[in-house]
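Here's the structure we're looking at; comments come further down.
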Amino acid sequence: MNVEKIMANLEKKHPGEVEYLQAVREVLESIEEVYNQNPQFEQAKIIERLVEPDRILTFKVPWVDDKGEVHVNIGYRVQFNNAIGPYKGGLRFHPSVNLSILKFLGFEQIFKNALTTLPMGGAKGGSDFDPKGKSNAEIMRFCQSFMLELWKIIGPETDVPAGDIGVGGREIGYMYGMYKKLVGEHNGVLTGKGLNWGGSLIRPEATGYGCVYFAQEMLKTRGLDFKGKTVAISGFGNVAWGAALKATELGAKVVTISGPDGYIYDKDGISGEKIEYMLELRASNNDIVKPYAYEFKGAEFYEGRRPWEVKCDIALPCATQNELDEKDAQNLVNNGCICISEGANMPCTPEAVEIFHKHKLLFAPGKAANAGGVATSGLEMSQNSMKMSWSREEVDRRLHEIMVNIHKQCVKYGTESDGYINYVKGANIAGFMKVAQAMLDLGVY
Ligand code: NDP
Ligand code: 2IT
């Protein structure tokens, strides 16, 4: 494999798809060596077949707002690869959504899902719809219109969507309601469902919990743990919330959360009712974290800035892609940060990751560290198939076991000659080997 040649070809075919090209390059650079050691991969053109999605559905989503005005958004589903199981991956509703972002997310999802050890292929979808400032009724009408197209290509054994940015329990409910009506079956096709209608305990917390469990495993390799550590978190959504809960439970002090408007620094720690307040902020659909500083004395709001300038031992970026750059990484290093675990998908730029590696920090890429969300979606699918539901303890135990196992796979494939664990390399190789082997077994089709 010649990475530069493949990338040049992809850049020509998909000009301007920056995020997608960024995600592909990272994987190719990591797997180049094992790929070249296994000539059967090249013979079967595994890479050429893996970097292009199986299919992409785009559709228009017309909807009517509360004043009677008609709007049209674009809807997408990128079904990337189903070699090891039905397509699986979230839906994102955010004005920044475009094909490049969904292709990067779908591509990452292939390897992430493979790492979970559960039988799930990779997909992603969403819309450029902006939930900010919309009423409940508007959200419902949008979700229903979105599903009027999406239902045609999904199914419990075909493609199982879930949430992502802008899509939580409420949106999953509205979409599932419409799906159920169209198909006439209560078959569990979406995950992240409500507990009363097929959802799994722990799914809301799972991504954040998993991200902290993974960091815990990384810290163990250096004889460390969360107790007494200072943690900086970005975002204030579903993943940030779960990460704050678990980090606090393990004895750490979470000092930041952030939104597109800036970040909150709370020197007393964001715990207890303050973590629950994050849910209120998020549910307000207002896109801001500033009100936290009015609500809790002693907290400070830093407008237009990112949390990576504060002193912390552990950083958990849980907002969005490319939100932590070279300068932020250098700040973290200078301030003595030892561990970075990506709750979001690809939040650290390639330059930032290079700095973490240069300084031999513990760094976990999203496809390993945030796999707990989709893993628990997989557990939701298992429970739906069995028509049973497991206890909190049971789901949490399985989630924890999966995260420990992902860590082991990264150590196996990512340990370098000096003993440093390159988790990027480890996660990419482990995920790739599983999918590539399945593709070889299944033949060219
Ligand atoms: P939510 O919609 O619940 O929250 C996303 C949060 O990030 C919001 O608070 C959002 O604010 C904020 N945000 C967006 N852009 C920025 C920015 N530039 N700076 C700071 N904050 C920002 O989404 P999730 O918590 O579900 O998703 C967060 C990340 O985790 C995404 O990368 C997602 O792909 C990833 N992820 C999610 C999983 C899940 O199960 N939900 C599983 C694995 C990964 P706003 O929306 O107002 O802009
Ligand atoms: O990025 C992700 O892994 C998710 N948004 C969760 C996907 C899922 O199917 O649960």
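The values are calculated or read from the model by the stated rules, or taken from the named source; none is laboratory data. Being a predicted model, the structure only gives us computed values, none of them experimental. Glycine gets a Cβ as well: all are built from the backbone with ideal geometry, and neighbour counts include every protein chain shown.
A Cβ distance below 7 Å, combined with a sequence gap of six or more or placement on separate chains, defines the contacts here; from region 286-306, residues that are assigned to a helix (DSSP H, G or I) reach residues that are at pLDDT below 95 in the pairs 291/281; 292/277; 292/281; 295/277.
Does residue 315 fit the bill of being buried (at least 20 other Cβ atoms within 10 Å of the Cβ) and not in a loop (DSSP other than H, G, I, E, B)?
Details: buried (at least 20 other Cβ atoms within 10 Å of the Cβ): yes; not in a loop (DSSP other than H, G, I, E, B): yes.
Spelling it out, residue 315 is indeed buried (at least 20 other Cβ atoms within 10 Å of the Cβ) and not in a loop (DSSP other than H, G, I, E, B).
Counting only helices (runs of 4 or more DSSP H) that sit completely within region 350-430, those holding 2 or more residues that are within 21 Å of residue 121 (Cα to Cα) correspond to 366-369, 371-386, 392-414. Report yes if some residue within region 334-347 is within 28 Å of residue 198 (Cα to Cα), of a type in the set (A, V, I, L, M, F, W, C), assigned to a loop (DSSP other than H, G, I, E, B) and modelled with pLDDT of 95 or more; otherwise report no. The answer is yes, given that some residue of region 334-347 is within 28 Å of residue 198 (Cα to Cα), of a type in the set (A, V, I, L, M, F, W, C), assigned to a loop (DSSP other than H, G, I, E, B) and modelled with pLDDT of 95 or more. Of everything in region 160-211 that is acidic (Asp, Glu) and either within 24 Å of residue 396 (Cβ to Cβ) or part of a loop (DSSP other than H, G, I, E, B) (or both), the residue that is farthest from the chain's Cα centre (by Cα) is 185.
So, residue 114, is that one modelled with pLDDT of 95 or more, surrounded by fewer than 24 Cβ atoms within 10 Å (Cβ to Cβ), within 24 Å of residue 376 (Cβ to Cβ) and more than 11 Å from ligand 2 (Cβ to nearest atom) or not?
The answer is no for residue 114.
If you check residue 100 against the conditions, is it at negative phi, among the hydroxyl-bearing types (Ser, Thr, Tyr) and buried (at least 18 other Cβ atoms within 10 Å of the Cβ)? Spelling it out, it is not the case that residue 100 is at negative phi, among the hydroxyl-bearing types (Ser, Thr, Tyr) and buried (at least 18 other Cβ atoms within 10 Å of the Cβ).
Only one of the listed residues (382, 341) is among the polar types (S, T, N, Q), within 21 Å of residue 23 (Cβ to Cβ) and within 16 Å of ligand 2 (Cβ to nearest atom). That residue is 341. For region 11-49, taking the residues that are over 16 Å from residue 102 (Cα atoms), hydrophobic (A, V, I, L, M, F, W, C) and touching a residue at least 40 places away in the same chain (Cβ under 8 Å), the one that is surrounded by the most Cβ atoms within 10 Å (Cβ to Cβ) is identified as 31.
Criterion applied to 293, 329, 319 was being within 23 Å of residue 350 (Cα to Cα), in contact with a strand residue (DSSP E or B) (Cβ under 8 Å, 6 or more places away or on another chain) and away from ligand 2 (no atom under 16 Å from the Cβ), and the one residue passing it is 329.
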